[in-house]
Each structure stands twice: as C-alpha cells, then as structure tokens.
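Quick notes on the structure that follows.
Derivation of every value follows stated rules applied to the coordinates shown; laboratory data play no part. What you see is a predicted model; the values in this text were computed from it and never measured. Quick reminder, even Gly has a Cβ in these numbers, built from the backbone with ideal geometry, and neighbours come from all protein chains shown.
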Amino acid sequence: MTMSVKSALEQRTAINYFDASKSLTEQQIEELVRLATLAPTAFNLQNWHFVAVQSDAAKQKLHAAAYKQQKVLDASVTFIVCGEIESHKNFDRVVKTLVERGGVSEADAAVWKGKVVATHENNPTTQHAEAFRSASLGAMALMLAAEEQGLASGPMSGFDPAAVSAAFDLPATRIPVMLVSVGYAAEGNYPQKPRLDVAQVLDIV
Ligand SMILES: Cc1cc2nc3c(=O)[nH]c(=O)nc-3n(C[C@H](O)[C@H](O)[C@H](O)COP(=O)(O)O)c2cc1C
C-alpha cells in the first residue's frame, strides 16, 4: 500500500528515540537514496552526496562528531547528507545523462553547461547556497520516502561539520549539510510539534 504525500507530511515527526535492535538492508538504504535523488536541483546539478552510516564503528565516529546525540547510535542508519560546492567542475557526468537518456541535444547540453559554469565559477556564495538548497531538498525527500516505507526519521544540524568531514574523509568540496537518522521509532517520542497558523507565515499578494 502506498502513502499519499499529504499523509507522509501529516504523519512525519522528528524521531528522537529509535529501536536500536533494528537494522535496514542495503537495498532499503539504496531505495531511500534513489527516491531522495528524485528531488529537484538547480540546473539538475545533483550537487549532493549521501554517506550512510550503518556500521558500529562508523556510528561511534559520527556520534562523537554529533555532540553525542544518542539517535546516531540507535537509529538503523544515519545519512550524512552533503552538498557539493564545485559541482560545475563535475557537470559533464550530468551532461552525459541528459544527452544519452534525457533527450537533450548535444548543442542544448553545451548551452546548459555554459550557464552552470557562468553562474557557479568564481561564485562561492552561489556554490554554497546551491549546495545547501540541494542537500536540504534531498534530505526532505529522503524523510518523506522513509515515512512512505514505514520508517521513522530524525533530521539533525547538531553536529560539528569539521569533525564530520575529518571523521569520514570528506573532500573539502563536500559540505556536510544535515544528518538524517532513519530506522524504527521506539517509545517516548513527541508527536509532531505544533506549527504556527498559516496566516502567520503566509502573505498572498
Ligand atoms: C535542519 C534541522 C536541524 C535539526 N537539528 C536537530 C538536532 O540536532 N537534534 C534534534 O534532536 N533535533 C533536530 N531537529 C529536529 C527539530 O527539532 C524538529 O524537526 C522540530 O522541533 C519539529 O518537530 P517535528 O518535525 O516532529 O514536528 C532538526 C530539524 C531540522 C529540520
């Protein structure tokens, strides 16, 4: 049975307590990331990277870098969702897929790449902004995918980015943006927190 996006949004909560006895298969992890990467990115940059922290040793390293948040140890897996800041240098791999599988002509793909380079080269502000946008959209899509698969998730920015980068040998161009723990909820979690009224956060102009 599939879940509507509306239900996933209404049911998802940030899980703090996970059942430490449960694990996910590699196939489940790959499917979550496949679905997450269906999120859109500017220019289809796909300027993201996911590190699935699942082994006990890797969890211990991430736990230390995430201010000892217990859910990193207890969740089946915690994804380090990263944004890439020099994706314009690596855009040829996207161009290849656009031409071979996306129905885009070589000429159009060259124009496409030109725009990517023009907007990103020598523009660290844009590179960082796009890295954070893409990783955040990917993280949200991953959480909705987890919900639909009957799993629970918990997003985190409570970590030391330099410590995470060092612990997992991330290249300097790969910025850890968000941690997302995924697994099975244990007892004691809060329900979804109340939200401000729509009228408080919406102007229709
Ligand atoms: C970007 C981001 C960072 C967060 N960082 C943490 C964190 O480090 N530790 C934590 O326990 N919860 C963290 N949370 C969870 C939020 O506190 C939670 O989503 C919020 O209170 C709303 O709760 P709900 O999602 O269950 O409605 C984070 C959420 C987001 C979106």
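Quick notes
- In the range 12-175 the Cα-Cα distances spread across 10 Å bins starting at 0 as 10, 35, 33, 16, 5, 0 percent of all pairs.
- Where only DSSP H runs of four or more residues are counted, the chain gives -13500 deg cm²/dmol as its mean residue ellipticity at 222 nm, each run worth -39500 (n - 2.57).
- Sparse-neighbour loop sites [trypsin sites (Lys or Arg not before Pro); the range 49-123; at most 10 other C-beta within 10 Å; DSSP]: K68
- Partner aspartates and glutamates for K22 [C-alpha distance under 18 Å; skip if fewer than 8 residues away on the same chain]: E30, E31, D56, D74, E147, E148, E187
- Oblate is the label for the range 109-187, because the ratio a/c of its alpha-carbon gyration tensor axes (a ≥ b ≥ c) is 1.5 or higher and a/b is not greater than b/c.
- Centre-to-centre separation between the Cα atoms of the range 32-56 and those of the range 68-123: 9 Å.
- For F79, the residues 5 or more places off, or on other chains, whose built amide H falls under 5 Å of its own are V53, V180, S181, V182.
- For the range 12-175, averaging the sequence separation of C-alpha pairs within contact (under 8 Å, six or more residues apart) and dividing by the residue count gives a relative contact order of 36 percent.
- Mean Cβ count within 10 Å, highest first, over the residues of peptides 17-27, 141-151: 141-151, 17-27
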